[in-house]
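Input: a single structure, listed below in structure tokens.
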């Protein structure tokens, strides 16, 4: 490769050069490094950054944030939202007719919504810099067309904003206790013990490590486990009033724990909250499709081959819908268009 990220030290690059010299000679090492340098510099020359690295403020003002681009960005955000579920939760009603009734878009009778706050435990964070435990209020009053209710009892509907499980797969405490430090990367909210993981890691035999990265029998916990508690509490508090769960998805989460408690589930891959509220209100019809299969369980994750994309079971909800690659709902039901037909043919 020509470049890599996550490093600000020269030592690994110099060591790579030394190894090439030892293996192939100084001329070959220099030629290889100069080839990478030429490819990297070519990008700067092609874009004119070498001759003139300065911005044109007037040009930037005309381009960045201009209305055509902003409109395209808003449309892309709306199109990316995936509606996974839109019917009464099994926990609300056993009546078949009631159970089939969609809850989205929210009707004219919805004026006040209950949006619970969130809690995330301390975690290592990006580049392991460390993020403290924090409480988060996810409600964006400026983006929502609804008033916020102070209690569930005052609300016409609950909208629970959560994230997919946030998991740290490395533990210094485990390492200091004599372990290899590695833990399972859990995709569920409740504590997960990797009872069915392979006994020997694929990374076994790496010349830079002793042993391997196996984590069989170890337990890990999601830093945002209380997100699941918030969904369950909303269901218990709202009675037969709608509970909508909006999941900001970083990884393909196991939704078996929360789906039975939700009337509707919307997957958000990092959009502005205004787009979510517009979907809930019915300002546009959802058309997003899952870009990856959501696994039925962590055991399904452990059993699948890492280099195969479709060899693990998808989670199937109470309506019989499998949350597989290419699945999504619109107001009429399961989306069936040129995209889904093309994906199913592959």
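Things to note:
- A count restricted to segment 277-317 and to residues that are farther than 14 Å from residue 79 by Cα, touching a residue at least 24 places away in the same chain (Cβ under 8 Å), buried (at least 16 other Cβ atoms within 10 Å of the Cβ) and out of contact with any helix residue (DSSP H, G or I) (no Cβ under 6 Å at 6 or more places or on another chain) stands at 10.
- Breaking point among (1) under 23 Å from residue 269 (Cα atoms); (2) surrounded by fewer than 16 Cβ atoms within 10 Å (Cβ to Cβ), for residue 173: (1)
- Candidate set: segment 49-87, residues that are touching a residue at least 60 places away in the same chain (Cβ under 8 Å), touching a helix residue (DSSP H, G or I) at 6+ places or on another chain (Cβ under 9 Å) and part of a helix (DSSP H, G or I); chosen: the one nearest to residue 271 (Cα to Cα): 77
- Here residue 215 clears all of (1) in the same structural domain as residue 121 (by TED's automatic domain parsing); (2) part of a loop (DSSP other than H, G, I, E, B); (3) crowded, with 17+ Cβ neighbours inside 10 Å except the condition numbered (1).
- Residues of segment 88-106 that are out of contact with any strand residue (DSSP E or B) (no Cβ under 8 Å at 6 or more places or on another chain), outside any helix (DSSP H, G or I) and modelled with pLDDT under 90: 88, 90, 91, 92, 93, 94, 95, 100, 101.
Here's the yes/no breakdown for (1) assigned by TED's automatic domain parsing to the domain that holds residue 134; (2) more than 18 Å from the chain's Cα centre (by Cα); (3) surrounded by fewer than 23 Cβ atoms within 10 Å (Cβ to Cβ); (4) part of a strand (DSSP E or B):
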position: 211; (1), (2), (3), (4): no, yes, yes, no
position: 229; (1), (2), (3), (4): yes, yes, yes, no
position: 237; (1), (2), (3), (4): yes, yes, yes, no
position: 251; (1), (2), (3), (4): yes, no, yes, no
position: 254; (1), (2), (3), (4): yes, no, no, no
position: 257; (1), (2), (3), (4): yes, no, yes, no
position: 271; (1), (2), (3), (4): yes, no, yes, no
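- Residues of segment 307-327 that are within 18 Å of the chain's Cα centre (by Cα) and in a loop (DSSP other than H, G, I, E, B): 309, 315, 323, 324, 325, 326, 327.
- Taking segment 117-163 as the region of interest, the strands (runs of 3 or more DSSP E) fully inside it that hold 3 or more residues being at pLDDT 95 or above and assigned by TED's automatic domain parsing to the domain that holds residue 246 are 157-163.
- Check on residue 40, touching a residue at least 12 places away in the same chain (Cβ under 8 Å) and within 30 Å of residue 323 (Cβ to Cβ): no
- Taken together, 18, 42 contain a single residue that is surrounded by 10 or more Cβ atoms within 10 Å (Cβ to Cβ), out of contact with any helix residue (DSSP H, G or I) (no Cβ under 9 Å at 6 or more places or on another chain) and assigned to a helix (DSSP H, G or I), which is 42.
- Boolean, residue 233 is in contact (Cβ under 8 Å) with a residue 24 or more places away in the chain, in contact with a strand residue (DSSP E or B) (Cβ under 6 Å, 6 or more places away or on another chain) and surrounded by fewer than 18 Cβ atoms within 10 Å (Cβ to Cβ): no
- Yes/no for residue 69 being closer than 30 Å to residue 274 by Cα and at pLDDT 90 or above: yes
- Set side by side, the residues 152, 191 differ, and just one is surrounded by 12 or more Cβ atoms within 10 Å (Cβ to Cβ) and touching a strand residue (DSSP E or B) at 6+ places or on another chain (Cβ under 8 Å), which is 152.
- Reported count of residues in segment 118-137, each being in contact (Cβ under 8 Å) with a residue 24 or more places away in the chain and more than 30 Å from residue 7 (Cβ to Cβ), is 2.
The values are calculated or read from the model by the stated rules, or taken from the named source; none is laboratory data. Predicted model, so just to flag it, every value in this text is computed and none were measured. Counting neighbours? That spans all protein chains shown, and the Cβs are built from the backbone with ideal geometry, glycine included.
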